[in-house]
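Below is one structure, written out as structure tokens; the observations come after it.
The values are calculated or read from the model by the stated rules, or taken from the named source; none is laboratory data. It should be emphasised that the depicted structure is a prediction, and the values quoted were computed from it without experimental measurement. Neighbour counts are summed over all protein chains in view; Cβ atoms, including those assigned to glycine, are modelled from backbone coordinates with ideal geometry. In case anyone asks, the SASA skips ligands and DNA or RNA and just uses the protein heavy atoms, side chains included. Shrake-Rupley method; radii C 1.70, N 1.55, O 1.52, S 1.80 Å.
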Amino acid sequence: QVQLVESGGGLVQPGGSLRLSCVASGRIFSIGAMGWYRQAPGKQRELVAHITSGGNTNYVDSVKGRFTISRDNAKNTVYLQMNSLKPEDTAVYYCAAREGGRAVYNYWGQGTQVTVSS
């Protein structure tokens with residue numbers, strides 16, 4: 001079973017930056033796509049960024065140009081660099097991963113709080 005461990009959340013002022021990290025460990029056969037979701041109180045969980053095993057990326061429109069997802073396959077780690085943070089970015093951020101060839105995210109991190117406030 002794959003475990004995802006997140007780090008990097010916290011409190012930051014508007015315009016600031018945070019870098020989230022997520023390390024996959026356990027019985028890993030292969031990891032396909034990895035992504036970051038977020039959920040704010042009273043809102044649905046949304047996919048923020050997605051990266052395939054080959055490095056292709058996708059972002060929700062609201063974070064394009066501000067957030068960057070990347071991965072280090074050798075370390076089984078995915079990152080989310082968040083720049084120019086806005087109060088509306090405040091949410092619990094979740095790391096997710098798929099086994100290679102799977103159509104759904106079947107591994108999830110515990111969530112890390114990101115709060116953007118002055």
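Any idea how many residues of the range 28-66 are assigned to a loop (DSSP other than H, G, I, E, B), aliphatic (A, V, I, L, M) and closer than 16 Å to TYR93 by Cα? Outline the logic, then answer.
Let us first name the residues in the range 28-66 that are assigned to a loop (DSSP other than H, G, I, E, B), namely 28-30, 40-45, 52-56, 60, 64-66.
Those left that are additionally aliphatic (A, V, I, L, M): 28, 40, 60.
Okay, now just the ones that are also closer than 16 Å to TYR93 by Cα, so 40, 60.
Looking only at that region, the number is 2.
Which one of THR68, THR52 is under 12 Å from the mean Cα position of the chain (by Cα) and free of Cβ contacts under 8 Å to residues at least 24 places away in the same chain?
Step by step, each of THR68, THR52 is checked, and only THR68 is under 12 Å from the mean Cα position of the chain (by Cα) and free of Cβ contacts under 8 Å to residues at least 24 places away in the same chain.
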>> Show the residue pairs meeting these rules: Cβ distance below 9 Å; 6+ apart or different chains; first residue within the range 94-107 and surrounded by 20 or more Cβ atoms within 10 Å (Cβ to Cβ); second residue aliphatic (A, V, I, L, M) and not in a strand (DSSP E or B).
In response: ARG98/VAL104
> For the subset of the range 2-50 comprising residues that are open to solvent by 50 Å² or more (accessible area, probe 1.4 Å) and at positive phi, which member is modelled with the highest pLDDT?
Replying inline: GLY15
> Quick one: how many residues across the range 80-93 are open to solvent by less than 40 Å² (accessible area, probe 1.4 Å) and not β-branched (Val, Ile, Thr)?
Replying inline: 6
